[in-house]
Amino acid sequence: MKKISILLILTLFVISAHAQRKGQVIKWFSIAAKGGVTNSFLLNTDILNDNNINPSFFNLGYTFGGRLTFSYGDNLGFGIEYEAFSLAQEYAIVAPTDSYTKDINIKASEIIPFFRYTGDRGGYFEIGPKFSTIKTVTETNSIDAAFSQTIEPEMYYEPKFKNIMIGFGTSAVKTERLEVNMGVRLAYAFSSITLDNYYVANDGVYPATFTIPTKATNPVSIQFLVELNYYFAFYGDASCGRGRLMFFQ
């Protein structure tokens, strides 16, 4: 939180300097719908060091959501976003009696307050914290076709966890009120998503080769996004110092 506070203070300083340089500035309000594909990886050093487990680095999921943004002029934006998404992970495991694959699928939602800087040519950079809530966790393995369990998060996983997000992209289509953005987001969870560092590769088939608890399990993800953004209102400053909120018809 301390780092976030410092970031906000620096951002306000940039806004103040920007306003003094440009004088009166129009404030824009926009809403957006977005969706895309997520590639995720559950980072756990014990699993990386286990020669009997080969984790996949290509685990596809989905993401979709919407956001509300307040933009100060054409460059500085602050917003809040809601997102539903999934994280996935596959492990190829060599067990004492057989070899098999284990799959984990996590469905979650999150709230993202963010800051976005948009350049004059449409490129943008964004950063913010992500407050995630796990809804369900499903585990399956190929050694037992009947094995499939949906785990309540409270059993082995932290119901809530925090991430840091950075992203960048550009406007593929831009008009006065509507724009289509394409971007990439990177996210990392600083804390483990498992309770008592639950070993995510253990499902009763493969015996752990080390002492429990294990190392932390930190999700790492990259999202490829398409965003439809609509400017629905603006607040203009008048010469007398008063402003007025105006909605597009």
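The values are calculated or read from the model by the stated rules, or taken from the named source; none is laboratory data. Nothing here was measured: the structure is a model prediction, and the numbers come from that model. Glycine also receives a Cβ, built like all others from the backbone with ideal geometry; neighbour counts cover every protein chain displayed.
Within the set Ile127, Ile112, Ile93, the sole residue that is farther than 15 Å from Asn163 by Cα and aliphatic (A, V, I, L, M) turns out to be Ile93.
Of the residues that make up segment 100-118, is at least one within 27 Å of Glu176 (Cα to Cα) and acidic (Asp, Glu)? No, there is no match, as no residue in segment 100-118 is within 27 Å of Glu176 (Cα to Cα) and acidic (Asp, Glu). Checked against the criterion of being under 21 Å from Asn218 (Cα atoms), among the small types (Gly, Ala, Ser) and surrounded by 16 or more Cβ atoms within 10 Å (Cβ to Cβ), segment 40-52 has at least one qualifying residue. Could you list all residues from segment 71-94 that are surrounded by 15 or more Cβ atoms within 10 Å (Cβ to Cβ) and of a type outside the set (Gly, Ala, Ser)? Those that are surrounded by 15 or more Cβ atoms within 10 Å (Cβ to Cβ) and of a type outside the set (Gly, Ala, Ser): Tyr72, Asn75, Leu76, Phe78, Glu81, Glu83, Phe85, Leu87, Gln89, Glu90, Tyr91, Ile93. Number of residues in segment 169-202 that are touching a Leu at 6+ places or on another chain (Cβ under 9 Å), over 18 Å from Leu87 (Cβ atoms) and of a type in the set (Lys, Arg) equals 0. Would you please name the residue that is modelled with the lowest pLDDT, looking only at residues in segment 78-125 that are more than 18 Å from the chain's Cα centre (by Cα), small (Gly, Ala, Ser) and in a strand (DSSP E or B)? Here the answer is Ser99.
Here's the yes/no breakdown for (1) in a strand (DSSP E or B); (2) touching a helix residue (DSSP H, G or I) at 6+ places or on another chain (Cβ under 6 Å); (3) at pLDDT below 95:
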{"residue": "Thr209", "(1), (2), (3)": "no, no, yes"}
{"residue": "Val220", "(1), (2), (3)": "yes, no, no"}
{"residue": "Glu227", "(1), (2), (3)": "yes, no, no"}
{"residue": "Tyr231", "(1), (2), (3)": "yes, no, yes"}
{"residue": "Leu245", "(1), (2), (3)": "yes, no, yes"}
{"residue": "Gln249", "(1), (2), (3)": "no, no, yes"}
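Kindly indicate whether any position in segment 98-110 is over 21 Å from Thr217 (Cα atoms) and either buried (at least 20 other Cβ atoms within 10 Å of the Cβ) or out of contact with any strand residue (DSSP E or B) (no Cβ under 8 Å at 6 or more places or on another chain) (or both).
Yes, segment 98-110 contains a residue that is over 21 Å from Thr217 (Cα atoms) and either buried (at least 20 other Cβ atoms within 10 Å of the Cβ) or out of contact with any strand residue (DSSP E or B) (no Cβ under 8 Å at 6 or more places or on another chain) (or both).
Please state which one of Gly36, Gly61, Gly66 is surrounded by fewer than 18 Cβ atoms within 10 Å (Cβ to Cβ) and in a strand (DSSP E or B). It is Gly66. For segment 147-170, the criterion of being assigned to a strand (DSSP E or B), of a type in the set (A, V, I, L, M, F, W, C) and modelled with pLDDT under 85 is met by at least one residue. Only one entry in Ile47, Ile6, Ile15 is among the aliphatic types (A, V, I, L, M), out of contact with any strand residue (DSSP E or B) (no Cβ under 9 Å at 6 or more places or on another chain), at pLDDT below 90 and not in a strand (DSSP E or B), namely Ile6.
Among the residues of segment 111-142, the ones that are farther than 20 Å from Ser221 by Cα and not polar (S, T, N, Q) come to 6 in all.
For segment 82-92, the condition holds for at least one residue, the condition being that it is in contact with a strand residue (DSSP E or B) (Cβ under 6 Å, 6 or more places away or on another chain), farther than 20 Å from Ala187 by Cα and not aromatic (Phe, Trp, Tyr).
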